[in-house]
There are 4 protein chains.
Amino acid sequence: MKQLVIKLMAERGVSLADVADLVYALQRPFYPALLLEQCTRSIENVLEKREVQFAFLTGITLDVLAEQGRLPEPLQTIIASDEPLYGIDEVLALGITNVYGTIGLTNFGYLDKTKLGILSVLNDAPQAVHTFLDDLVAGLAAAASARLAHNGRALSNEQQVR
Amino acid sequence: MKQLVIKLMAERGVSLADVADLVYALQRPFYPALLLEQCTRSIENVLEKREVQFAFLTGITLDVLAEQGRLPEPLQTIIASDEPLYGIDEVLALGITNVYGTIGLTNFGYLDKTKLGILSVLNDAPQAVHTFLDDLVAGLAAAASARLAHNGRALSNEQQVR
Amino acid sequence: MKQLVIKLMAERGVSLADVADLVYALQRPFYPALLLEQCTRSIENVLEKREVQFAFLTGITLDVLAEQGRLPEPLQTIIASDEPLYGIDEVLALGITNVYGTIGLTNFGYLDKTKLGILSVLNDAPQAVHTFLDDLVAGLAAAASARLAHNGRALSNEQQVR
Amino acid sequence: MKQLVIKLMAERGVSLADVADLVYALQRPFYPALLLEQCTRSIENVLEKREVQFAFLTGITLDVLAEQGRLPEPLQTIIASDEPLYGIDEVLALGITNVYGTIGLTNFGYLDKTKLGILSVLNDAPQAVHTFLDDLVAGLAAAASARLAHNGRALSNEQQVR
C-alpha cells in the first residue's frame, strides 16, 4: 500500500523529493552534515506505518471528490473552499505527526503556517483542491523530522539534532 | 448547521434520545438524580461546536459513499468492511471527545468497546456502513458526559459527579 | 532508561507480568493462540520508546511527591485525592497510547473504566497515590495491544486480531 | 483558581499583556481592526477552563521543582536542561490548545518554533527553568487565537478572520 500512497501523492503533484526538501530545511540547522538521502529514507520509513497510509488515502480521496464536485453539500463547499475553521484536515495530519511523538507537532505547525516549498505550490494551485493534501504533507515532513531527531544520536555523536 | 447534523444522524438511524441513553448510562452512577433531559441538553450543547459538526458531516459522508460503493479502492473496501486497523474513524471521534477535555476519553473507549445501546444496533446492521457513525456517536456521548461532569457541581452540591 | 522505568514501576507495585495480564485479557478474544510471552514482548517493545519512558518518569515522580506531601497547593490536594476532573494523568497516558496509533484509544478507555486486574489494586491502595500510575499502566497495556494487533497478520494468517 | 494561575504566571515572568501580544501578532493579519483588549479577553476566557488551569499548575510546579534541584534523577536533568526529545511539555500544551479545536495547533507549532516575544525571553533566561512554561504560554496564545477565529464572524462580518 506504501507504493500506492507514493503514486497517489505524485498524481496530486507531490514527490518524495519535495517532502525531503521540507525535512532538510527543518533539520539542517540542528544537524549540519545531514544528507537529503537521509531525509528521504526517514520519509519512506514513516510511510510504512499503516495509520499514515490510511490518513493519506482518506484525505486525498476527499480532496479529489471535492475537486470533481461529487461531495454532498455543505461538505462540498467547505472542503472546496478550504474553510479555515474546518479542522478535520489538521486532525488527520495530527494522526501522522503523532506516530513519532509530540515533538513533531512544533514542526507541523511551523510548516502549516509558513507554507514552505511544495506547501505554497499546493496552496496556490487555483483549480485544484488540496485542503487535506497540504496538511498531510506537512504532517509527513514533521513526522520524518521527529524520527530523524529521535535517531539523531545514533547517526552522529558530535552533532546536536533536534 | 446543527439542525442539519441532527437530521443526518436521524437519517442514519440515530436519534438524540439514543445518544441521551448512553450519556445517562455513563453518568447515572455518579449522579443519581440525573434526568434524561439534562443529558439531551448536554448533547445539544456539544452539537453546537463547529468542530463537532464538521466531524459528523465528514464521517457520515464517507459512510454513505462507502455504502453506495462510490469510493475509490482500496478505501472503498477498508471503510465498507470496517477494517479494525483503519483508525481514522477514531481520530475523528477523538476530535469530538477532546472538546470537553481529556476526561471524555475514558468514556469514549468504554463505549467503543462495550457497544452499549444504539452502538450495537449500528454495529449489527448488515447492509449499512456505520464505520464512522458508531465512533462519532460514542465520541458525542463521551463529550456530553464530560460536559455534565465539568458542570456537575453547579447542578448539585450534594452529589458526586464524574 | 528502559530498565529504570521497569524498576520504578516495580517499586510502585506493578510488574511486567501484571501488565501482560491486561494485554492478554484484551487481545485473547481476537487471537485465541496468544501467549502471555508475546504480550510481555510487546510491552517491552513499547517501553523502548523514549516518549513512553518520559511519561512514566514524569507521572511516577508526581505520584511520589504527592504521596510525600511535597507538592505545592492546590496541586498537592488535586493529585493526592485523584480529583476526577484533573485530566493531566490521562493526557500523559494518551501520549503513550498514541505511539501505536489511535486504535489503542479504545482499549485505554475500556481499561480506565473497568479497572481490570492490577488497575483495581492500584486504585484501592488506601495510603498510596497512584493518580498517574494507573493511567500510565492502562496506556501501556493499550499501546502493547495495538502493537500486537498491527503485527497480527505477520504472527498468524488464520486468526483475526484486533 | 484562575486568579492563582495568573499570579503564578506573573511570578514566573509572564503577564497577560505578554500573552496578548502573541495573540495580536497571530490574528492581526486576518483581522485588521483587532484590539489588544479583545486578545486579553480571549485569553481570560481560555484561562477559565479547568483543564487549562490544571495544565499550568502542573507544568509550572515541575519547572519550579527543577529550578530548585528537587526532582529525582534523571527527570531533574531532563527538565532542567530542556532536553529536546522530552515532549511531555508539548503534550501538556496540546491539552490547552485542543480546548478550542485543532485549528489552534498550527499557531502553537509556529509560536513554539519562532519563539516570538515573551517566548524568547523565557527561553533565554540563563538561571531559570521554563521547560514547561514556554510551551504552556504558546498553547494559551494559540487557544486564545483559535477562540477569536471561531468567534470572528460574530465580531465582524466584513473582516476575514482566521
In segment D:70-105, residue surrounded by the most Cβ atoms within 10 Å (Cβ to Cβ) [restricted to those that are under 18 Å from the mean Cα position of the chain (by Cα) and acidic (Asp, Glu)] = D:ASP89
So, first residue under 12 Å from C:ASP63 (Cβ atoms) and in a loop (DSSP other than H, G, I, E, B) in segment C:109-137, second residue modelled with pLDDT of 90 or more and among the β-branched types (Val, Ile, Thr), Cβ within less than 7 Å, six or more apart or across chains; the pairs are C:VAL129/C:ILE79
How many residues does segment A:18-35 hold that are under 18 Å from A:LEU119 (Cα atoms) and over 12 Å from the mean Cα position of the chain (by Cα)?
-> 4
Considering segment B:1-24, residues that are basic (Lys, Arg) and part of a helix (DSSP H, G or I), and then whichever is surrounded by the fewest Cβ atoms within 10 Å (Cβ to Cβ), we arrive at B:LYS7
How many residues does segment C:26-37 hold that are away from every other protein chain (no Cβ under 12 Å), part of a helix (DSSP H, G or I) and out of contact with any helix residue (DSSP H, G or I) (no Cβ under 7 Å at 6 or more places or on another chain)?
-> 2
Mind listing just one residue for me: the one in segment C:38-69 that is among the acidic types (Asp, Glu) and within 14 Å of chain A (Cβ to nearest Cβ) and, of those, surrounded by the most Cβ atoms within 10 Å (Cβ to Cβ)?
-> C:GLU51
Residues in segment D:94-103: is at least one modelled with pLDDT of 90 or more, assigned to a helix (DSSP H, G or I), more than 9 Å from chain A (Cβ to nearest Cβ) and within 27 Å of C:GLU48 (Cβ to Cβ)?
-> no
Out of segment D:70-82, which residues are in a loop (DSSP other than H, G, I, E, B) and either within 10 Å of chain A (Cβ to nearest Cβ) or free of Cβ contacts under 8 Å to residues at least 12 places away in the same chain (or both)?
-> D:ARG70, D:LEU71, D:PRO72, D:GLU73, D:PRO74, D:SER81
Considering only residues of segment D:106-131 that are within 7 Å of chain A (Cβ to nearest Cβ) and out of contact with any Gly (no Cβ under 6 Å at 6 or more places or on another chain), which is surrounded by the most Cβ atoms within 10 Å (Cβ to Cβ)?
-> D:ASN107
Could you tell me whether segment B:140-161 includes any residue that is within 14 Å of chain C (Cβ to nearest Cβ), within 28 Å of A:MET1 (Cα to Cα) and not in a loop (DSSP other than H, G, I, E, B)?
-> no
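The values are calculated or read from the model by the stated rules, or taken from the named source; none is laboratory data. Just so it is clear, the structure is predicted and the values come from calculations on it, not from any experiment. Neighbour counts are summed over all protein chains in view; Cβ atoms, including those assigned to glycine, are modelled from backbone coordinates with ideal geometry.
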